[in-house]
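Structure record follows, encoded as structure tokens.
Please treat every number below as a calculation from the coordinates, not as lab data. Predicted model only: the values in this text are computed from it and were never measured. All Cβ positions, glycine included, derive from the backbone under ideal geometry; neighbour counts span all protein chains shown.
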Amino acid sequence: MARSDIETLMWLEACEMLERAERLQRQFFQLGEQRARGPSWEPPVDVFETPEELWIVVALPGVESAKVEIAIEDGVVIVSGARELPGTARRAAIHRLEIPHGRFERRIPLPAGPYELGRHEMENGCVVLSLRKGVV
């Protein structure tokens, strides 16, 4: 294989990796549907399952726990609320705004079965939910 072919191949692979990184970044904080209360964003989640519980971790940096609402409806956990701009940011010139603000909502489908919301707490910028299995 000629040197120019190898360089072209390496360049194409580097471009593809950059595109994948950009897609992942866009997926991290996705804009949600337009709702009656205005635009929303969807925080990223991790879901873990043990034999007794389902654990859901929702990344909500800078969100006050009092601004988070949690509900279980029809086999879906709904985490919603609002992330406000800091007061000083309202009077400042914004050079970059990458962390979403405003109303958010994330709907997380649950595996089949009955669940009951156990403990939930804010931990290191994340809401950690424990759902007990088999509770009717």
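Remark: spin-label model distance Ala14-Thr88 equals 3.8 nm, labels positioned 7 Å along the Cα→Cβ axis.
A DSSP coil position with no more than 15 other Cβ atoms inside 10 Å describes the following trypsin sites (Lys or Arg not before Pro) in segment 44-110: Arg91, Arg96.
Between Val57 and Asp5, the contour length at 0.36 nm per residue exceeds the alpha carbon distance by 14.2 nm. What FRET efficiency would be calculated for the residue pair Phe48, Ile78, taking the C-beta separation as r and a Förster radius of 22 Å, to the nearest 0.05? The formula returns an efficiency of 0.70 here. Is segment 32-133 best put as rounded, prolate or oblate by its Cα gyration tensor, with a ≥ b ≥ c the root eigenvalues, rounded for a/c under 1.5, and otherwise prolate when a/b is larger than b/c, oblate when not? It comes out prolate by the Cα gyration axes. Among Arg132, Arg3, the ranking by other beta carbons within 10 Å of each residue's beta carbon, starting with the fewest, stands as Arg3, Arg132.
By its C-alpha gyration tensor, with a ≥ b ≥ c as the square roots of the eigenvalues, how is segment 73-136 shaped: rounded for a/c under 1.5, else prolate for a/b larger than b/c, else oblate?
Values: a/c = 4.04, a/b = 2.76, b/c = 1.46.
The shape class here is prolate.
The slack between Ile70 and Ile99, meaning 0.36 nm per residue of separation minus the straight C-alpha distance, is 8.3 nm.
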